[in-house]
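To keep things clear, I will list the structure first and then write my remarks on it.
The values are calculated or read from the model by the stated rules, or taken from the named source; none is laboratory data. Since the structure is predicted, the reported quantities are computational estimates derived from the model, not experimental observations. Neighbour counts run over all protein chains shown; Cβ positions are idealised from the backbone, glycine included. Side chains included, ligands, DNA and RNA excluded: accessible areas come from the protein's heavy atoms. Shrake-Rupley method; radii C 1.70, N 1.55, O 1.52, S 1.80 Å.
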Amino acid sequence: MGALDNWVRLQDTYECYYSIVDWHSLTTDYADPSEIKSNVIEVAIDWLAAGLDPERSTLFIQSLVPEHAELHLLLSMVVPVPWLERVPTYKEQQQQLTGKDLSTYGFLGYPVLQTADIIIYKADAVPVGEDQAAHVELTREIVRRFNHLYGEVFPEPKTLLTEAKRIPGTDGRKMSKSYGNAIYIKDDPETVRQKIRPMVTDPARKRRTDPGDPEVCPVFDLHRAFSTAQTRAWAAEGCRTAGIGCLDCKGKLIEHMLERLASVHARRPEYASRPDTVHDILFEGSKRARAVAQATMEEVRAAMKIDYLGS
Ligand code: SF4
């Protein structure tokens, strides 16, 4: 929601491209791609229900713009492997997703594909959470290297940090579908309640009478993202003094989350009942995106001296 709220606002000031990156999901789910297609549509429905407007922004599917793959390949010629090995999420996800073999070439190259996704539209800025900031920094490094070798083709994109910086999952780790700890926009109120109630809290607060520390509690991170300043102050004070229990704290959080989700929940069924319209929106957006990507690739091929057709 933090990201989406921001994206909806950005439509007023920027020409925006929002891509559903199905190839990226294959980097971790390559062994079982059975849900990718339906997930793509679900994501699109969430986006539309949250207020992304296909008239103002380009909403598209990554794999329908195959130029991303070509740019990924060309960038992979110039990106040193140690740059990728030191990306924090590389080691972290390998350790966390123990059931999956992530010692693949595709997984290592994930940030190169991400760079291609960004720069193929010559993006000036990328709206991301703090956890993705290192990736945008790497994108800038790759752009500098490319431009140094072949001339100024790409601008260096800046990072637009989203306000709600850390959104932990219900187990306290980063919220991610792959970790099975996510709360989904489409989750109905009862599901949201069932996920929040057993959520991990400050591990030092074992009993109701123990004071806690909101700074180390993932529930409080969600308060930061969803609750009012007044509720946050109430939770912080009540936690530190053991004036409230964790279930009271979570109850207030649930109220605020459901308030924020209410408008999306109201709009979502409308799109969910029309998957063909959602398909059409994504196909139309992909066509628009592809025209831009193709123009960029002509420049890239010329810069790299592999532009046979035009010469
Ligand atoms: S009272 Fe709230 S902030 Fe404190 S440990 Fe419990 S859930 Fe976390």
- prompt: With respect to Leu253, is the statement that it is at pLDDT 95 or above and either in a helix (DSSP H, G or I) or more than 7 Å from the ligand (Cβ to nearest atom) (or both) true?
  reply: yes
task: Report the residue count in the stretch 283-311 for those that are modelled with pLDDT under 95 and either touching a Pro at 6+ places or on another chain (Cβ under 7 Å) or of a type in the set (Lys, Arg) (or both).
output: 0
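Val112: buried (at least 20 other Cβ atoms within 10 Å of the Cβ) and modelled with pLDDT of 90 or more, yes or no?
Numbers: buried (at least 20 other Cβ atoms within 10 Å of the Cβ): yes; modelled with pLDDT of 90 or more: yes.
The answer is yes for Val112.
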query: On the given criteria, is Ser19 within 18 Å of Phe283 (Cβ to Cβ), under 19 Å from the mean Cα position of the chain (by Cα), modelled with pLDDT of 95 or more and in a strand (DSSP E or B)?
result: yes
statement: Checked against (1) farther than 22 Å from Ser38 by Cα; (2) more than 12 Å from the ligand (Cβ to nearest atom); (3) open to solvent by 80 Å² or more (accessible area, probe 1.4 Å), Glu237 satisfies every condition except (2)
query: Of all residues in the stretch 19-45 being without any contact (Cβ under 8 Å) to a residue 60 or more places away in the chain and more than 16 Å from Gly180 (Cβ to Cβ), which is most open to solvent (accessible area, probe 1.4 Å)?
result: Lys37
statement: Taking the stretch 195-219 and keeping only residues that are open to solvent by less than 20 Å² (accessible area, probe 1.4 Å) and under 18 Å from Gly169 (Cα atoms), one is left with Ile196, Met199, Asp202, Pro214, Cys217, Pro218, Val219
